[in-house]
1. Name the residue, out of 78, 35, that is aliphatic (A, V, I, L, M) and either modelled with pLDDT of 95 or more or touching a helix residue (DSSP H, G or I) at 6+ places or on another chain (Cβ under 7 Å) (or both).
2. Looking at the stretch 3-17, which of its residues are under 25 Å from residue 68 (Cα atoms) and surrounded by 18 or more Cβ atoms within 10 Å (Cβ to Cβ)?
Amino acid sequence: MICNAHLHGGAIDDAQRYADELVRIGRRRNDEEAVAQALTVCAGVQLARGNLADARSLFADAAALAPQPGRAPSRFVVSRA
């Protein structure tokens, strides 16, 4: 995912922008896995910014949406700028 690449490359603002876009697309498509992945990146951004409480909340939200054992994963949503 592009947002993850930006996060690990240190482009925090770009990571947040692309993660927010992926959240919107995932919700529009009812793709909980994509939303969970995007929220994980959002949490990483908050960690990088030192916002530990916000990061913890976003990680919890992502975990609640993550695929459960025995549940077929959804397709990935690809976003290109």
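The values are calculated or read from the model by the stated rules, or taken from the named source; none is laboratory data. Keep in mind it's a predicted model, so treat the numbers as computed, not measured. Cβ coordinates were reconstructed from backbone atoms using ideal geometry, including for glycine residues, and neighbour counts include every protein chain displayed.
1. Numbers: 78 fails: either modelled with pLDDT of 95 or more or touching a helix residue (DSSP H, G or I) at 6+ places or on another chain (Cβ under 7 Å) (or both).
Only one candidate qualifies: 35.
2. Taking the stretch 3-17 and keeping what is under 25 Å from residue 68 (Cα atoms), we get 3-4.
3 - this is the single residue of the stretch 3-17 that is under 25 Å from residue 68 (Cα atoms) and surrounded by 18 or more Cβ atoms within 10 Å (Cβ to Cβ).
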